[in-house]
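To start, the structure under review is shown below, and the notes come after it.
What follows is calculated from the coordinates using simple rules that are stated; it is not laboratory data. Just so it is clear, the structure is predicted and the values come from calculations on it, not from any experiment. In this analysis, Cβ positions are derived from the backbone assuming ideal geometry, glycine residues included, and neighbour counts consider all displayed protein chains.
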Amino acid sequence: MTRVLVVEDCRSLADLLAKGLSDQGIAADVAYDGTEAASKLGVNAYDVVVLDRNLPGIPGDTVCQMISGSDDRTMVLMLSGAASPADRTSGLGLGADDYLVKPFHFPELVLRVRALARRRPRAQPRALRASGVELDCLRRTVTRQGRPVVLSAKELGRAGPWPDLAKSPRGTGRGPMQPDRTNGSSKGLFGACHR
């Protein structure tokens, strides 16, 4: 069963959403502010968070960044009255997986929640780590021993797909963090992040 956290400061709307989702066979919890949402996210595993942007306590944008910055693969459906293209792109840029403008058609929200739950990645961390090197797929950054590694656009673009970073492939002549430069791929270092 899909498990959803509805984060909305308008109590009547939050309760209505949770009831409607429950009627559709989706388990729904409610948080009325960002602080309560952060607390529930620390205790429970959710498939999808329906997240209002304008929240008391911790703002919705910050909650979204907390979710997208964690290794947890919870999907975020940002729900907001902010309807301009700039608002939508900034929300998606914060790490939201989808954006729905208020007012909305409830059946559309249900379908979007179900689609996000189906697309939810399973057990794939946001960052790949090995030998003190970390490749952050979301932020497209590389660090070694906690310090940023500056790479040129060419280095990022020519690196090709990486082998599984958890183990060194035998017989390839490459270590676990060395890109395969023999196949002419132009996917870049971050190709490994989207397998």
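A few comments on the model shown:
- Residue in the range 80-89 that is in contact with a strand residue (DSSP E or B) (Cβ under 9 Å, 6 or more places away or on another chain) and on the phi > 0 side of the Ramachandran plot present: no
- Considering the range 17-52, and only residues there that are in contact (Cβ under 8 Å) with a residue 40 or more places away in the chain and small (Gly, Ala, Ser), the residue that is surrounded by the most Cβ atoms within 10 Å (Cβ to Cβ) turns out to be Gly20.
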